[in-house]
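*Asks:* Can you read through this structure? Questions will come right after.
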Amino acid sequence: MAIRLPAYAIATALTLGFIGAALAQSSGDLGPREFPDDPFVPAPVGVAASGGPAQVWVRGAYTSIQVNVTNMGQNIVGDAANEPSITIDPLHPARMVIGWRQFDTVVSNFRQAGVAYSHDGGQTWRKNTLTPGYFRSDPVLGADNAGNFFYSSLPNVNAVEVFKSIDGGVTWAAPVDAFGGDKQWMTIDRTGGTGDGYIYQIWNTQFTCCPPNDFTRSVNGGASFPTAYALPIPSMKWGTLDVGPNGVLYFGGSNLVQSGHLTARCSNCNNGAVAPVFDFVQSVNLGGTTSFSTGPNPGGLLGQVWIATDHSMSPTQGNVYMLGSVNPSGTDPLDVMFIRSTDGGVNWTAPLRVNDDPPAAASYQWFGTMSVAPNGRIDVVWNDTRNDPDLTDLVFFSEVFHSFSLDGGVTWSASTAVTPAFNPHLGYPNQNKIGDYYHTISDNGGASLAFAATFNGEQDVYYLRIIADCNGNNINDQTEISNDDTADCNGNDILDECEGESTGGPTLSDYALLQRHLTGPGPVKLTYCQTLLDTDHDSDIDLAEFAELQRLFTGP
């Protein structure tokens, strides 16, 4: 376990030798970084009791619930919270944890590892602080297939520690040293394959524990991270990583000088018996550059780079997606841009703009965030200033917007505002930023978002559930399917009417679909979907339909 210095002494970790090594790897402004500045200031005694009930904010069908509250569900006056990350138990989805940068008082930018758990699907939260009184930043959370939670935390600018909880976030074991550096990100293999449970982390090599290394893994469930490795040059930063359905690990981020973006792939990282071999690192066109320290977030990033993979059983399985809020060419300051690879990250589509405001609107779409549901639906959220009544006053009133794609990112739904507007410049904890990122997790029923906002004039962290509602009738798609209000003949939890099938009918080239609706010989009462498969009209789905499917089969 790493030695944790007292709060007043942690700054000594920033040695001159380390700074020199970081500067040698790039030129220009290195961007925002995490290091102790103000001393630890304990929260004022009794202030939490005066906060009133947890803040709940509603925009149409969307309800944002405050997370950084007391265990009695009270808002804490005078604190600040930002940069949240969320994880959800895959075995018990009502159990979830959100971590964030916790500032006990806004008079000090000293931050700690805030964390809260919910066992009722995000309706109520119980808060804690990991290692109170110690500097921590850059929270990143994840879960394995057994329902264990992991919390990656930055105790100084060039180190990372990982906490583990086996009881749904109620208690956490002592942290484990995981090498690391600033702006780390973590992902956990949940493919069920040879690397299932492996924990992977990448970080910014400009602020690394051990130049030139910027990657590590744990092959024993987070018990240890024995070795740090270096991705091939050029190095990346401000990015994420994700595991594809076949266990292949993908990386995406900005290059070190913020002039473009990079992607990388590791095909053997899921083999703990050998050292990782990285297949390639290559430049990609994300349609602009990653921005920082400007506009709505003057002390931080305008968003990091997201990479995600498609684990669905649909034709989009195995697709790799990249997304980020980037500064495009022209006068538009920031857009959410998306690219797709269908060949394992080798080739990528031209960048596609997700937000649908006029390009000349001069609005900021910042903190773009992406996740992919098991059925292949892509969810994207971001902060949006398009409705700010005065973009010239530099207040940057923002609303959280959402868009989704059901066809692998070829087309996108209309951008929808899901929160009230807020002023991102309020509630600063002696630091002019509201963090560097948000975090979403998608399932077939919708997306769970952890975000920060200042609805009540304070910086707080919120949980928002965005239901899957592809036909826009404010009813969860899964509810409509379970009530037989609409058809889902292929059983992917996406309404057939939203998949471009005007009749709701299935595709005869799908053997799995036929197997799903097989009845055997003999007349039976057929469902709507079965009637569409009954090619010989004898009121059953049997080998005759299978033979007809074989006759018509053309391949993918």
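The values are calculated or read from the model by the stated rules, or taken from the named source; none is laboratory data. Small disclaimer: the values here were computed from a predicted structure and weren't measured. Cβ coordinates were reconstructed from backbone atoms using ideal geometry, including for glycine residues, and neighbour counts include every protein chain displayed.
*Asks:* Considering only the range 71-140, give the strands (runs of 3 or more DSSP E) lying wholly within it that have at least 3 residues that are out of contact with any Asp or Glu (no Cβ under 7 Å at 6 or more places or on another chain) and crowded, with 19+ Cβ neighbours inside 10 Å.
*Replies:* 80-88, 96-103, 112-118
*Asks:* Scan the range 322-345 and report the pairs whose first residue is free of Cβ contacts under 8 Å to residues at least 60 places away in the same chain and whose second residue is surrounded by 23 or more Cβ atoms within 10 Å (Cβ to Cβ) and among the acidic types (Asp, Glu), with Cβ atoms within less than 6 Å and a gap of 6+ or a chain change.
*Replies:* If the second residue must be surrounded by 23 or more Cβ atoms within 10 Å (Cβ to Cβ) and among the acidic types (Asp, Glu), the pairs left are Pro328/Asp335.
*Asks:* Exactly one of (1) closer than 30 Å to Pro374 by Cβ; (2) without any contact (Cβ under 8 Å) to a residue 12 or more places away in the chain is unmet by Met72. Its number?
*Replies:* Of everything listed in (1) closer than 30 Å to Pro374 by Cβ; (2) without any contact (Cβ under 8 Å) to a residue 12 or more places away in the chain, Met72 misses just condition (1).
*Asks:* Now for a different question. I'm trying to understand the selection: among the residues of the range 355-372, which are in contact (Cβ under 8 Å) with a residue 60 or more places away in the chain and touching a Gly at 6+ places or on another chain (Cβ under 8 Å)?
*Replies:* Passing the criteria: Tyr364, Trp366, Phe367, Gly368, Thr369.
*Asks:* Here's a check for you: in the range 259-286, which residue that is surrounded by fewer than 20 Cβ atoms within 10 Å (Cβ to Cβ) and in contact with a Pro (Cβ under 7 Å, 6 or more places away or on another chain) is nearest to Met322 (Cα to Cα)?
*Replies:* Filtering the range 259-286 for residues that are surrounded by fewer than 20 Cβ atoms within 10 Å (Cβ to Cβ) and in contact with a Pro (Cβ under 7 Å, 6 or more places away or on another chain), the one nearest to Met322 (Cα to Cα) comes out as Asn285.
*Asks:* Right, next: Has the range 157-173 got at least one residue that is farther than 25 Å from Asp242 by Cα and touching a residue at least 12 places away in the same chain (Cβ under 8 Å)?
*Replies:* There is at least one residue in the range 157-173 that is farther than 25 Å from Asp242 by Cα and touching a residue at least 12 places away in the same chain (Cβ under 8 Å).
*Asks:* In addition: Could you grab me the full set of residues in the range 431-472 that are modelled with pLDDT of 95 or more, charged (D, E, K, R) and touching an Asp or Glu at 6+ places or on another chain (Cβ under 8 Å)?
*Replies:* Result: Asp436, Glu458.
*Asks:* Also: Looking at Arg95, Arg59, Arg136, Arg33, which is the one that is among the charged types (D, E, K, R), within 26 Å of the chain's Cα centre (by Cα) and under 16 Å from Ser448 (Cβ atoms)?
*Replies:* Details: Arg59 fails: under 16 Å from Ser448 (Cβ atoms); Arg136 fails: under 16 Å from Ser448 (Cβ atoms); Arg33 fails: under 16 Å from Ser448 (Cβ atoms).
Answer to the check: Arg95.
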